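The block underneath contains the structure these notes are about, expressed in structure tokens.
The values are calculated or read from the model by the stated rules, or taken from the named source; none is laboratory data. Only a predicted model underlies this, so the values are computations on that prediction, with no experimental measurement involved. In this analysis, Cβ positions are derived from the backbone assuming ideal geometry, glycine residues included, and neighbour counts consider all displayed protein chains. Ligands, DNA and RNA are excluded from the accessible area calculation, which covers all protein heavy atoms including side chains. Shrake-Rupley method; radii C 1.70, N 1.55, O 1.52, S 1.80 Å.
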Amino acid sequence: SVIDPRTGEIIKGHVTLGSLRVRQDMKIAEGLLTPFIEDRSELKSAVKNMALARIRQLSAHEIGHTLGIAHNFAASASDRASVMDYPHPLVNLTTDGGLSLSNAYTEGLGVWDKQVLAYGYSDFGGMPSSDEQLARILDENKTLNLSFISDRDARPAGGAHPQAHLWDNGSEPVTELERLLSVRQQVLDNFSKDMLNSDQPLSQLQSIFVPIYLLHRYQTEAAVKWLGGVNYHYYMADDSTDDYQPVGAARQQAALKQLLKTIQADTLRVPSHIKQWLVPSAYGESSSRENFSGKTGLIPDTVSMAASAADHSLSLMLNSQRLNRLAQQHADNDRVPSPAGLMTAIFNTVFSDWENAKKAPVQQRLLATAINAEVRAVKNSGLAAETRLVMRAELAEQQQKLAKSDSLLVKQLAKDLDKFLNEGQWPEQYEPEPLPPGSPI
Ligand SMILES: [Zn+2]
């Protein structure tokens, strides 16, 4: 923006929308729709329509900024009330077993946008006074159940607000995560390479597969905010703060249940028909940061993909600020998961997965990845003293369970954990590769 320094007035706004944004949206739409639309030209126009719907809405968003409007990340929880949120395409399964993106993005401005513009730009005339008219708009916002929560509250991984998320959908993030996980499963079961032309290298399929495999990543970030979450808004001095309360225990338990699904082998194992298509780059092609990195050289590493995806959830669940809040909330209400209880739930999930398939590399890696995430959390300097102490005690218990195993691999993991607990040393090889970038921008 070019801003008049005397008044703050925005005189000129300039926005650049790079082609990468549309590319990313088209990859998502291709991966989602290809299994469900046979006709190629119909498929191409459905993909294009979704990308255009997004860029149309994004244009409105940027114009909103030039008018001085801030992000409102709580808007998607109020029936997609603003173009100033970051929207994730809304994917709907249809009754005939298909999939639709026709409602992926809203059209036009949202209710919140109209309220903000009315507040900032109305010329109220004389009567009633503009103060009264402005107060009326704020009252309307309450009646319409509109919340405003912006970047500082919504962006951090340790965020506490249960409704302020980026790239999410729905008023109930946990229900939406559950729904999105089942959409993802259905798409993976039917995943197809038909979007590629016959003169395209098959290795290009990976850039379509990645956003589908990680379809749940942003909704996971939304759902995790119910764990150790706290309801609040930006209070004025004479507002009631009765709603300034932790997220209810039943909701936190429901969130934990869905989050645990995102670290399970059944969710993260790449289906064998897709694995067969994830081939090394063809001559003249090269892997890019859109793809997963792994530990198997040029051969795409589906085990490392599972570890990276699981670690995304684990690092959110085991965020130090979240753990410290859980410890304090659990002290007041023991139905809220405690940090140790959360670790037990994580451990039980990956350990029983491993017990069901002891020789499977995915299960072995997920077990090591979860223990690594717990160790990383315990080492984090942001962890409160009392939280750290209970988590170390829980790690010691997990160490004993691992040590009793008849598997040499798990016995060695127990030895490494013992070394961490006694000497503070931990192998860095357990750290998974970071996820490729992938915001549906
Ligand atoms: Zn923006």
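Suppose we filter ALA237, ALA265, ALA222 for residues that are in contact with an Asp or Glu (Cβ under 8 Å, 6 or more places away or on another chain) and without any contact (Cβ under 8 Å) to a residue 60 or more places away in the chain; which single one remains?
Numbers: ALA237 fails: in contact with an Asp or Glu (Cβ under 8 Å, 6 or more places away or on another chain); ALA265 fails: without any contact (Cβ under 8 Å) to a residue 60 or more places away in the chain.
Matching residue, one of ALA237, ALA265, ALA222: ALA222.
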Sole residue being more than 14 Å from PRO162 (Cβ to Cβ) and open to solvent by 60 Å² or more (accessible area, probe 1.4 Å), chosen from ALA265, ALA237, ALA250: ALA237
Given (1) open to solvent by 30 Å² or more (accessible area, probe 1.4 Å); (2) small (Gly, Ala, Ser); (3) in a helix (DSSP H, G or I), number of the condition SER287 does not satisfy: (3)
Test for VAL336: is it under 22 Å from TRP426 (Cα atoms) and at pLDDT 95 or above: no
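Quick check on this structure: which one of ALA396, ALA384 is touching a helix residue (DSSP H, G or I) at 6+ places or on another chain (Cβ under 8 Å), open to solvent by 10 Å² or more (accessible area, probe 1.4 Å) and touching a residue at least 40 places away in the same chain (Cβ under 8 Å)? Give the derivation first.
Details: ALA396 fails: touching a residue at least 40 places away in the same chain (Cβ under 8 Å).
None of the others qualify; the one that does is ALA384.
Scan segment 50-59 residue by residue and report those that are open to solvent by less than 50 Å² (accessible area, probe 1.4 Å) and either within 16 Å of the ligand (Cβ to nearest atom) or free of Cβ contacts under 8 Å to residues at least 24 places away in the same chain (or both). It would help to see each step written out before you state the result.
The first filter runs over segment 50-59 and keeps only residues open to solvent by less than 50 Å² (accessible area, probe 1.4 Å), leaving 50-51, 53-55, 57-59.
Hits for segment 50-59 are ARG54, ILE55, GLN57, LEU58, SER59.
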Filter result (polar (S, T, N, Q) and touching an Asp or Glu at 6+ places or on another chain (Cβ under 6 Å)) within segment 282-341: SER293, SER304, SER308
Hits in segment 16-49 - residues which are of a type outside the set (Ser, Thr, Tyr) and either open to solvent by 70 Å² or more (accessible area, probe 1.4 Å) or part of a strand (DSSP E or B) (or both): LEU20, ARG23, GLU38, ASP39, ARG40, GLU42, LYS44, LYS48, ASN49
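Give segment 423-441 a look and list any residue that's exposed (fewer than 12 other Cβ atoms within 10 Å of the Cβ) and in a loop (DSSP other than H, G, I, E, B), or say none. Lay out the reasoning, then the answer.
The first filter runs over segment 423-441 and keeps only residues exposed (fewer than 12 other Cβ atoms within 10 Å of the Cβ), leaving 423-425, 428-429, 437.
Those that are exposed (fewer than 12 other Cβ atoms within 10 Å of the Cβ) and in a loop (DSSP other than H, G, I, E, B): GLY424, GLN425, PRO437.
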Number of positions in segment 375-420 that are part of a loop (DSSP other than H, G, I, E, B) and not polar (S, T, N, Q): 5
Flag for THR34 being modelled with pLDDT of 90 or more, over 30 Å from ASN145 (Cβ atoms) and more than 15 Å from the ligand (Cβ to nearest atom): yes
